[in-house]
Amino acid sequence: MKDLAPHIHRQRLVIEGTRKQHLLREDLEKYLDALAPRLDMRALTEPVTHRSDKFGWAGWIHWETSGCHVYAWDEDPAFFSIDIYTCKAFDVRDALEFTREMWTPSELVFREF
């Protein structure tokens, strides 16, 4: 893919995992709120969450340098998918370690773009 804006740093990380307990609104809000300082990002909004009766919870936070989306399905085992997109460099290991600390997943995979 041609880089249309080489002067703008872009980093994306997708983290997915399973866990025994379903994630609740409070889990998403706490995670999104605490992830910003962990990655040295400046939050511009409070976390926003919404629940779909069909699929489960979703949450988002806007950072000065982009943001993070989280999706959490209500199934067994519980599945979550996190999409971090920034225009400021961050350490992937910090995001992975933080996710493990907060949600103690049974399995965790990731891909950096």
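The values are calculated or read from the model by the stated rules, or taken from the named source; none is laboratory data. Here the structure is a predicted model, which means the values were calculated and not measured. No Cβ is skipped: glycine too gets one built from the backbone with ideal geometry, and neighbour counts run over all protein chains shown.
Would you point out which residue out of I8, I61, I82, I15 is touching a residue at least 24 places away in the same chain (Cβ under 8 Å) and touching a Phe, Trp or Tyr at 6+ places or on another chain (Cβ under 7 Å)?
I15
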Output the strands (runs of 3 or more DSSP E) that fall wholly within segment 47-100 and possess 2 or more residues being on the phi < 0 side of the Ramachandran plot, at pLDDT 95 or above and of a type in the set (A, V, I, L, M, F, W, C), or say none. 56-63, 66-73, 78-86
Any chance segment 42-58 includes a residue that's surrounded by 14 or more Cβ atoms within 10 Å (Cβ to Cβ), under 21 Å from L108 (Cβ atoms), small (G, A, S) and in contact with a Lys or Arg (Cβ under 9 Å, 6 or more places away or on another chain)? yes
Take the residues in segment 27-44 that are touching a strand residue (DSSP E or B) at 6+ places or on another chain (Cβ under 7 Å) and of a type in the set (G, A, S); name whichever of them is farthest from F98 (Cα to Cα). A43
